[in-house]
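Reviewing the structure listed below.
The values are calculated or read from the model by the stated rules, or taken from the named source; none is laboratory data. Everything numeric here is computed off the predicted structure, so don't read it as measured data. FYI the Cβ positions are ideal-geometry reconstructions off the backbone, even for glycines, and counts take in every protein chain you see.
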Amino acid sequence: MMWFAKDPVLMAASACATLPFLAMAVILIFTRQHRRVSAAISLSAITMCLLSAVYLLMTLRHAPGPVQYQWAWIISSDMIIPFGFLLDRLSLLMLTIVAVIAFLVQVYSLGYMAGDPGFSRYYAFQSLFAWAMMTMVIAPGMLQLYIFWELVGLASYLLIGFYYEKWSASQAGKKAFVMTRLGDIGFFLGIIAVLLGFGDLGILSMNEAAQAHKIAPFVVTLSSLLIFCGVVGKSAQFPLLTWLPDAMEGPTPVSALLHSATMVAAGVYMMSRIFPFFAASPDAMAVALAIGTITMLLASTMAMVTHDIKQVWAYSTVSQLGFMVMALASGGYFAGVFHLTTHAGFKALLFLCSGIFIHEFHTNDMREIGRGGGRKLTIPMVCMTVGALALAGIFPLSGFFSKEAIMGVLAGNPNKIWLLAGLLGALMTAYYSFRLIFMILFPREQTHGAEAHGSHGHDDHGHEEGHHGATFWAMAWPVMILAGITLVLGFFQKELEHYLLGAGPALHGAEAHGEGAGHGLGHYVLLFSAVSLALGGIVWAWFEFGRKKATQEGFLRRYPKVEALFANRWYMDHFYRWLVDYVVYCGFTNLFTRNDRRVIDGGIDGICRFTVGSGRVASFLQSGMLQYNLVLMVAGAGALVLFFVL
C-alpha cells in the first residue's frame, strides 16, 4: 500500500472512482432516514471528486503522453482485457466536466428537492450516477467502459423513474432503459468483433493498431458500425431518439444532469475516445455523418411545436448531439469535443433555469409560466436568455465558437449538402430557442384551443417556500455560475484546441481529417452566413411570438398536417407501437407461443401419454394375486431345473 500512498495521481483517480460509490452505499444502508446527513455525504463525495479532477487536470496538463494505470484483468493465450485508469487529455477534460456539472446539480437540488419524501434516495442515485460516469470516463479498456456504460444506464433509469408512483414516470424509465439496451446490444457485439479480430480491448492499443492498419479493414468497419449502435442508443440518435423527451418525467435537476454532459453525451464521448479507430473506416464515418444529420434536423422540427419547456430543451439536446456526431464523423475531432464542452455548460444552464420556473409555477407549459409572471424572476430569466443565445450561436457566448468550429469542419467536406443541413439546423435552433424565450417574456391571454400541444405536467415536490428564501438561492447560485462559464468559455478555444490536439499518439489520426476551412475569404463568408441565419431565426421568432401583434401560434399552425407530424415526433413512436403490436406480439410472440404449446408442451404431453399407456399395457402382465405370483415363480424355477438337467 505504500506505493499507492506515494502516488497522488493514482490516489486522485481512485477517489473519483470510489468515493461516490461509498456515498451511495452509506446513504442507502445507514442514513436514508436522515435527509441532511445524506445530502452532506453525497455533496462531500462529489466535492472531493471535483477537487481530484481539477488536480489531475492541472497536474497532467503538460504530460507528454497518456498516464495509464492498468492491471491485467483477463488474460488468455491470444487476448488481454485490462482494468484500471487511463488519464489523458480527453479523459481529464471530460472527468472535470462531469464533476463540475454533478457538483452544481447536487447543490441546486438542495433547493429544488427540499421537502421531497425521496430526498435521501435521490442523493444516493445521484452518487451512483456520478460514480458510474466518472469511472467510465477514465476506463483504459472497452470492456471496463462497457460495464460502467451499463451502470450509467441503470442510474439514469432510476433517476428518470424517480417518481415511480406516477405511471408516466415509470413508463419513461422503462422506455429509456429498453431503447438504450437495443443500441447496447450492437455495442457489445462490436466489442466482441474487436476481441476476435484483434485480441486486445485496450483503447490506446485499438487506436494505434487501427491507424497502423494492423487490423483488417473489414473488422474495423464492422466493429465501428456495431459500436456506433451504442452511440445511437445512449446519445438518442435516429432512430432511437424518442426516449429522451420522455425522460423529462424525472426531476428537473436530473434532466440537467442527463442532458448536459453526462448520460446522453456518453455516446459522443465514447466516439471521441476511439476516434482514430472510427477514422480508420471511411464507411463507418459516412454512416455516422448521415445519422447525425438526420437526427439534428428531425429533433429541431420537433422542438418547434411543443409547449413543454423541458421538452424544448430535450429536443434541443438531441439536435446538438447530432451536431457533435456530424463534426466527429466529418473528421473534426476538436470541433466535436469543443461543442460537447460548451454544450455541457449552457444546456445545464437552460435546464436549471427551467427548473426554477417549474418550481415556482408548478407547470411545464411555457405559456402558463409566461402568464404567471415568469419574466419577473429576473435571475433565471436573464440566465436562460444567456443560455438560449449560446445555443443559437450568438457572439460572444460559448456556443458561437463551437458552432462555428463545426461549420468550418462541414465546409471542408467535399459534399456541401452537410454544410447546408448544418446551416438549416442553426436557423431552426435560433427559432425554437427564442420562441420559448419570447413566449415567457411577452405572454398572451389564453385563446381557444391553445392547449393542443401543451403540457401541464410538473414535478411533485410539496415545497411552497417563496423565491426569496434559501431554497431559491440554492438554485440561483449554480445557475449564475453556469451563466458565467457560458459567457467566457468560448474565449479559451485556442487554448483548449492546443491542449486536446497536443495529446500525442493517443490522438494520432485526428489531424489527418482536417479541422476546418481555414481563415481565408471562405471562412468569413461562412461565418457571416451562420451568424446571419442565427440572427434571422431570432428575428423570425420575434415576429411570430415577440411583437405586440404576434398571435404566438407560429407559421406551422397554417399547416396542421405538418404541425401534427412534428408534434407526433414524425410518428416514430406510432411506428414502434405498430412494430411491437403486429411484428413482436402478433408475429414472433404468437409463433413462440404456438411453438411452446404445440412442440414443447405437446412433446412433453406425448411422452407422458406414452408412459401412462405403456404402464397400463404392462399392468396386464400381473394380476396382483400373491398366490398366482408364487405359482408362476415355482413353475419358472422348475422349468429352469428341467432345462439344465435334461
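Some observations on this one:
- Checklist (1) in contact with a Pro (Cβ under 8 Å, 6 or more places away or on another chain); (2) at pLDDT 90 or above; (3) under 28 Å from Ile203 (Cα atoms) applied to Gly84, failing item: (2)
- Residue match in the stretch 1-16 (condition: part of a helix (DSSP H, G or I), under 21 Å from Pro478 (Cβ atoms) and in contact with a Leu (Cβ under 8 Å, 6 or more places away or on another chain)): yes
- Meets criteria (among the basic types (Lys, Arg), outside any helix (DSSP H, G or I) and over 14 Å from Leu92 (Cα atoms)) for Arg61: no
- Filtered residue count, the stretch 255-301, keeping only those that are outside any helix (DSSP H, G or I) and farther than 22 Å from Arg89 by Cα: 1
- Check on Ile356, part of a helix (DSSP H, G or I), farther than 30 Å from Arg558 by Cα and out of contact with any strand residue (DSSP E or B) (no Cβ under 9 Å at 6 or more places or on another chain): yes
- Selection within the stretch 88-110 - farther than 24 Å from Leu500 by Cβ and surrounded by fewer than 24 Cβ atoms within 10 Å (Cβ to Cβ): Val107, Leu110
- Criterion (of a type outside the set (Phe, Trp, Tyr), farther than 15 Å from Phe400 by Cβ, surrounded by fewer than 19 Cβ atoms within 10 Å (Cβ to Cβ) and modelled with pLDDT of 90 or more) met by exactly one of Gly518, Gly502, Gly484: Gly484
- Given (1) assigned to a loop (DSSP other than H, G, I, E, B); (2) crowded, with 22+ Cβ neighbours inside 10 Å, number of the condition Pro239 does not satisfy: (2)
- Matching residues in the stretch 415-446 - criterion: being modelled with pLDDT under 90 and buried (at least 24 other Cβ atoms within 10 Å of the Cβ): none
- Comparison of Ala314, Ala299 shows that the only residue that is surrounded by 24 or more Cβ atoms within 10 Å (Cβ to Cβ) and modelled with pLDDT under 90 is Ala314.
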